[in-house]
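The values are calculated or read from the model by the stated rules, or taken from the named source; none is laboratory data. Quantities reported herein were computed from a predicted structural model and do not represent experimental measurements. Here the Cβ positions follow ideal geometry from the backbone for every residue, glycine too, while neighbour counts run over all protein chains shown. The area values use the complete protein model at the heavy-atom level, side chains included, leaving out ligands, DNA and RNA. Shrake-Rupley method; radii C 1.70, N 1.55, O 1.52, S 1.80 Å.
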Amino acid sequence: MKTIKDVKSLFDARGKIYVKKRTFVKAVKMNDDFIVETPNGQLSGSKGDYLVEDENGNVYPVKKEIFETVYEEANVIVIK
């Protein structure tokens, strides 16, 4: 395994610009502390955190500060 010592030079020489893939999730801001069963076992969240369901149906908690930094409400029409 190679240790990278000059990261800036590596990015300057070979770095490309990428955009994080847009993904849609359903989310609910929780009013109480909670525990939810996930594919990785039980995870807990606190009052004000978000319970998120991803495109694959996986459910997991996301801290309020992280959710509100990473996600924004989408203006979409859901057809059932």
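Just to be sure, is residue 11 without any contact (Cβ under 8 Å) to a residue 24 or more places away in the chain and not charged (D, E, K, R)?
For residue 11, the condition - without any contact (Cβ under 8 Å) to a residue 24 or more places away in the chain and not charged (D, E, K, R) - is met.
So, in region 41-68, of the ones that are more than 12 Å from the chain's Cα centre (by Cα) and without any contact (Cβ under 8 Å) to a residue 12 or more places away in the chain, which residue ends up least open to solvent (accessible area, probe 1.4 Å)?
Per the criteria, the residue is 41.
Taking the options 12, 6, 32, name whichever one is exposed (fewer than 12 other Cβ atoms within 10 Å of the Cβ), acidic (Asp, Glu) and at pLDDT below 85.
That would be 6, the only listed residue that is exposed (fewer than 12 other Cβ atoms within 10 Å of the Cβ), acidic (Asp, Glu) and at pLDDT below 85.
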